[in-house]
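Enquirer: Quick one: structure below, then a few questions.
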Amino acid sequence: MFDLLANSIPLAIVASIPLLLAVEGELVVQRSGMINLGIEGMMLTAALTAVLVAQTTHSIVLGFAGGVAGALAIAALFGVLAIALRADQIVTGTAINLLALGGTSFIYREIQSLVQQVPQLRTDAVLPLAWIVIPLVLGAMLWNSSFGLRLRACGENAEAFAATGRSVARYRWTALSIEALLVGMSGAYLALALSSGFAENMTAGRGFIALSIVIFGRWTVKGALLGTAIFGLAAAMQYALQAANRGIPFHLLLALPYVVTLASLGVRRR
């Protein structure tokens, strides 16, 4: 069993990359004082647009650009409603998720032949970027720059920050753009590296898991990495148990990473 688990860990780390990118993006947004519940819909839309562009252009790079463009479109919709019009963020995010789920499913069924058999990216190509480079950049940006200080001030006390004469909306739009970039990469990686195309609801709740990991990690980069690693280890255990064929029902094994994630929210970290 231990050998099976050890052999499954590299796969779990690679498979956790889309989740980690989403966690990193949501961390920035929540630090600015918003909760983007629509991250699931953003990731799903990015996966579809990435596949469509990659299939049309036969380019992985342009496919990733298409994924980012799709995420930016959803982010713009969320920003207009939640920032400009000051609609309730939870309701807005929920509506965006439903819109993205229905919209991508409709498009998929209409042009199904165009969202399969796309060029694939090597799964290890984004590994150091997601696990090393981006966390270092985010850590430096959020805690060692004047921009990061002002962004966190927006989240901690928006009224006091606005009293200094600076625009809260501007910083929140910037945070939302950063999230769109990372979530767009997440959706594109999911479709172009881990899958061979697009499938309905292929994000499978990763956006909601990302939200819980940000909370578990207490809105820090280290916590985000730790929470994603725990989810990845739970996924590795799932693979190991399936390979061991211990008679555990298959659907219970599939639920294991999500159960671990929910349980982690009950753990109080100091």
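The values are calculated or read from the model by the stated rules, or taken from the named source; none is laboratory data. All values derive from a computational prediction rather than experimental measurement. Virtual Cβ from ideal backbone geometry, glycine too; neighbours counted across all protein chains shown.
Enquirer: Filter the stretch 1-58 down to residues that are charged (D, E, K, R) and under 11 Å from the mean Cα position of the chain (by Cα) and give me whichever is farthest from GLU110 (Cα to Cα). Write out each step before concluding.
Expert: Taking the stretch 1-58 first, the residues charged (D, E, K, R) are 3, 24, 26, 31, 40.
Next cut, under 11 Å from the mean Cα position of the chain (by Cα) only: 24, 26, 40.
Details: GLU24: 33, GLU26: 31, GLU40: 22 Å.
For the stretch 1-58, the residue satisfying everything is GLU24.
Enquirer: A further question follows. List the number of the failed condition for THR164; all other conditions in (1) closer than 26 Å to GLN55 by Cα; (2) free of Cβ contacts under 8 Å to residues at least 12 places away in the same chain hold.
Expert: (1)
Enquirer: Hey, ILE178 hits all of (1) among the aliphatic types (A, V, I, L, M); (2) over 14 Å from ALA22 (Cβ atoms); (3) within 13 Å of the chain's Cα centre (by Cα) but one; which does it fall short on?
Expert: The single condition ILE178 does not satisfy is (2).
Enquirer: Oh, and also: What tally of residues in the stretch 1-49 results from selecting those that are part of a helix (DSSP H, G or I), over 20 Å from ILE60 (Cα atoms), at pLDDT 95 or above and small (Gly, Ala, Ser)?
Expert: The qualifying residues number 2.
Enquirer: With respect to THR203, is the statement that it is among the β-branched types (Val, Ile, Thr) and either part of a helix (DSSP H, G or I) or over 15 Å from the mean Cα position of the chain (by Cα) (or both) true? Spell out the reasoning first.
Expert: Working: among the β-branched types (Val, Ile, Thr): yes; either part of a helix (DSSP H, G or I) or over 15 Å from the mean Cα position of the chain (by Cα) (or both): no.
The answer is no for THR203.
Enquirer: While we're looking at this one, here's another question. Read through the list (1) crowded, with 17+ Cβ neighbours inside 10 Å; (2) modelled with pLDDT of 90 or more; (3) closer than 24 Å to GLY205 by Cα, then give the number of the only condition that THR94 fails.
Expert: (1)
Enquirer: If I filter the stretch 192-228 down to residues being of a type in the set (Lys, Arg) and closer than 24 Å to LEU151 by Cβ, which single residue comes out as surrounded by the most Cβ atoms within 10 Å (Cβ to Cβ)?
Expert: Per the criteria, the residue is ARG218.
Enquirer: Evaluate the stretch 223-246: report whether one residue or more is within 19 Å of GLU40 (Cα to Cα) and either without any contact (Cβ under 8 Å) to a residue 40 or more places away in the chain or not in a helix (DSSP H, G or I) (or both).
Expert: no
Enquirer: Further question on the same structure: I'd like to know if the stretch 230-244 contains one or more residues that are in contact with a helix residue (DSSP H, G or I) (Cβ under 7 Å, 6 or more places away or on another chain), buried (at least 21 other Cβ atoms within 10 Å of the Cβ) and closer than 26 Å to ILE111 by Cβ.
Expert: no
Enquirer: I would also like to ask the following. Determine whether the stretch 189-200 contains at least one residue that is over 16 Å from LEU37 (Cβ atoms), polar (S, T, N, Q), outside any helix (DSSP H, G or I) and at pLDDT below 90.
Expert: Yes: the stretch 189-200 contains one or more residues that are over 16 Å from LEU37 (Cβ atoms), polar (S, T, N, Q), outside any helix (DSSP H, G or I) and at pLDDT below 90.
Enquirer: Being small (Gly, Ala, Ser) and on the phi > 0 side of the Ramachandran plot, is that true of even one residue in the stretch 22-32? Don't jump to the end; show me each part of the working.
Expert: Keep residues of the stretch 22-32 that are small (Gly, Ala, Ser), which gives 22, 25, 32.
Adding the requirement that they be on the phi > 0 side of the Ramachandran plot leaves none.
Scanning the stretch 22-32 turns up no residue that is small (Gly, Ala, Ser) and on the phi > 0 side of the Ramachandran plot.
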